[in-house]
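The structure appears below as structure tokens.
Bear in mind that the values in this text are calculations on the coordinates, not laboratory data. Quick caveat, the model's predicted, so the values are computed rather than measured. Because the Cβ atoms are built from the backbone with ideal geometry, glycine has one as well, and the counts that use them run over all protein chains shown.
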Amino acid sequence: MRSAQQFSAFSRLIHWAMAAMIIAMLFIGVGMVTSPTGRYAELVSIHKPLGIAILALVVVRIVNRWANRPPPLPRSVPQLQRAAAHTSHLILYGLMIAMPLVGWGMLSAAGYPIVLYGPLSLPAILPQNPGLYAGLRTAHSALAYLLFATVVVHLGAALFHGLIRRDGVLESMASVAPRR
Amino acid sequence: MFDDDRLPPLNASAMVLRFGIIGAVLACSVGAFAYTGGWLSPDRLTPARIVAGFEQASGSHPGFRRNHAKGLCATGTFESRGAAAQISKAALFAPGRVPLVARVAFAGGMPFVQDTPAQVRSLALRFLPEGRQEWRTGMINIPVFPVTTVRDFYDQAQAMLPDPATGKPDPAKMQAFVASHPGFAAAGALIGRRQITSGFADTTYNAIHTFRFVAADGAVTPVRWSAVPLDPVVPADATGSGADPNALFDALIARAASRPVQWRLMLTLGQPDDTIDPSKPWAPDRRQVEAGLVTLDRVVAEDGGPCTDVTYDPLVLPDGIESSGDEILAARSSTYARSLRLRDGEQGQKARSAVTPREVVGRGRQ
């Protein structure tokens, strides 16, 4: 029995659900700002409510992380890798919070309405300000690239644990153990 | 048990294979992202490229809109008659008054172009119902759009760019474009036959694109709309605009100073299979409904004015109006956002707009 310690079922559920949402957001985001064709309006109308859903879920997730502590890394993991794991998780959590807020703030600063669905809109969270919009819009892209890069590193590290180290870390989150 | 049960080390070939798998997964992820973002498709018409095309045609004017660059703000009200509430559940169509922030402008990217009657004029409206979803629309005084797709729009603009050798557009390029785009000549003929009026106030402005109006019961009606002036239409003076470089704007300022400028907002109700191609008109027998009256009672200079820091993005729509899927609409929305991002980042470098606050206060005298 190698993966005695697992993330709780709820932790795994929220991890994989948010993984799917965040990856979808990254691809929708980078696609919609570079492809002004028929699908554009549809993609924008998905991007906004999905971002707000991620913001709501990350709050639930942080509360859950505090209530259901993650299993510790195996003692065999070297110090440098522990530090890298810790830092990358901080970046992931930070960006899960920052990306939706920067997006919401940037639309506010540009004076765009923040329509979620049908008649449902959110209020502006920042005053209308051209300089602020330009800065936040640039930040939204830059942080998106950082988030994508961190997700790729996270995926690589998970596979490294699962295929090379075979130390049970991947299995602690993946509900289906990879084939060996 | 979690800590002490590492499996025996992998042999060299298993190690290579497994690192290979990890590398392939990561490379595919990065590749898919790069493909989606257009890095692998240098031909893709991104909003950035379309906006760069405007800069090629019009030069660099930091801080100004990349299109409809020369303009003036105005404020007023929309008074809904309630007639459009039958076909759209949008709150602003219920009987009553809604504040408006408008912008009148010339199409094109040159903020200091000399006013002439032949230039394409635009009227953009932002409806701001208290506590309800806003609506933005841009309308122009041509009956149809010259092209159907974003690609054609870009290619046409490129064909008209001055040849670096002669400093003039190469007629062969434009001829080739016209020859390969049969719809262009038909649309051009309609645009060429439009009545050119004396000023901004007696012009009809058309939204050109098709939208879907959604009623409270879910019924969908394809709609195009126009703003039809109450001012009597006076044909433009063929002799030109004289010495005043802002002749049309100054005339509007003087006109608005005497009494409000008004248009009827006319909705044309389409049939389910009517085209959404903006370069093609609908049959002339389509029913029209007067949604209400647009009244602009105050003209405001653009610098510091209420219309300056927003885009008239035609996809800012209230619940009850939807895009038809016309791709030029998507292109407008995304390129306006690109233009806003650029000009908002250039605030400190912007020159004063052509029509100055002093000109507005002085009722059109410079």
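For the range B:261-349, the relative contact order works out to 28 percent when only alpha carbon pairs closer than 8 Å and six or more residues apart are counted. The listed peptides A:40-48, B:42-50, B:202-210, ordered by packing as a protection proxy, come out as B:202-210, A:40-48, B:42-50 (highest mean of other Cβ atoms within 10 Å first).
Residue by residue along A:125-137, Cβ atoms of other protein chains within 10 Å of the local Cβ number 4 on average.
For B:Phe145, B:Phe64, B:Phe213, B:Phe200, the sequence from fewest to most other C-beta atoms within 10 Å is B:Phe145, B:Phe213, B:Phe64, B:Phe200. Spacing of the modelled spin labels on B:Ala94 and B:Arg194, each 7 Å from Cα toward Cβ, amounts to 3.5 nm.
Here, the range B:144-276 has an Rg and a Dmax of 19.3, 61 Å when only alpha carbons are counted.
With no solvent and one point on each alpha carbon, what is the Debye value of log10 I(q)/I(0) for chain B at q = 0.07, 0.13 Å⁻¹? Per q value, in the given order, log10 I(q)/I(0) is -0.37, -1.10. Tell me which lysines have Cα within less than 26 Å of B:Lys168's Cα, excluding those fewer than 8 residues away on the same chain? Within reach: B:Lys70. Counting Cβ atoms of other protein chains within 10 Å of each Cβ in A:24-36 and taking the mean gives 6. Listed from fewest to most Cβ neighbours within 10 Å, the set B:Cys28, B:Cys307 follows the order B:Cys28, B:Cys307. Packing, taken as the mean count of other beta carbons within 10 Å per residue, orders the peptides B:312-319, A:90-97, B:230-237 from highest to lowest as B:312-319, A:90-97, B:230-237. If r is the Cβ-Cβ distance from A:Arg82 to A:Gln6 and R0 is 22 Å, what FRET efficiency results, to the nearest 0.05? Calculated transfer efficiency: 0.70.
Pairs of Cα atoms nearer than 8 Å and 6+ residues apart set the relative contact order; for chain B it is 23 percent. By the beta carbon rule, with partners counted only under 4.7 Å, chain B holds these lone Cys residues: B:Cys28. Each 5 Å bin from zero up to the one holding the largest Cα-Cα distance in the range B:1-44 carries the following percent of pairs: 5, 19, 13, 13, 12, 12, 9, 7, 6, 3, 2, 0. The range B:139-186 and the range B:70-133 have their alpha-carbon centroids 28 Å apart. Scaled against 2.2 N^0.38 Å for its residue count N, the alpha carbon radius of gyration of the range B:11-80 is 2.21.
Across all directions, the average projected area of the convex hull around the alpha carbons of the protein assembly as shown is 31.2 nm². Using just its DSSP H runs of length 4 or more, each adding -39500 (n - 2.57), chain A gives a mean residue ellipticity at 222 nm of -23500 deg cm²/dmol after division by all residues. Put a dot 7 Å past the Cα of B:Asp285, heading toward its Cβ, do the same for B:Asp43, and the two dots end up 4.3 nm apart. Each residue in B:Leu296, A:Leu159 was given a count of other beta-carbon atoms within 10 angstrom of its own, and listing them fewest first yields A:Leu159, B:Leu296. Just tell me, in residue order, which DSSP H segments of chain B are both 18 angstrom or longer along the helix axis (alpha-carbon based) and at least 0.5 in mean Kyte-Doolittle hydropathy. Qualifying helices, which must be both long enough and hydrophobic enough, are B:12-36. Normalised by 2.2 N^0.38 Å, where N is the number of residues, the alpha-carbon radius of gyration of the range A:9-173 equals 1.16.
Shielding of peptide A:111-121 by partners, expressed as the average count of other chain Cβ atoms within 10 Å per residue Cβ, is 5. For the range A:9-173, the Cβ-based charge dipole about the Cα centre amounts to some 380 debye (Lys, Arg positive; Asp, Glu negative; other atoms uncharged).
Between B:Gln56 and B:Met160, the modelled label-to-label distance comes to 1.4 nm, taking each label 7 Å out from Cα in the direction of the beta carbon.
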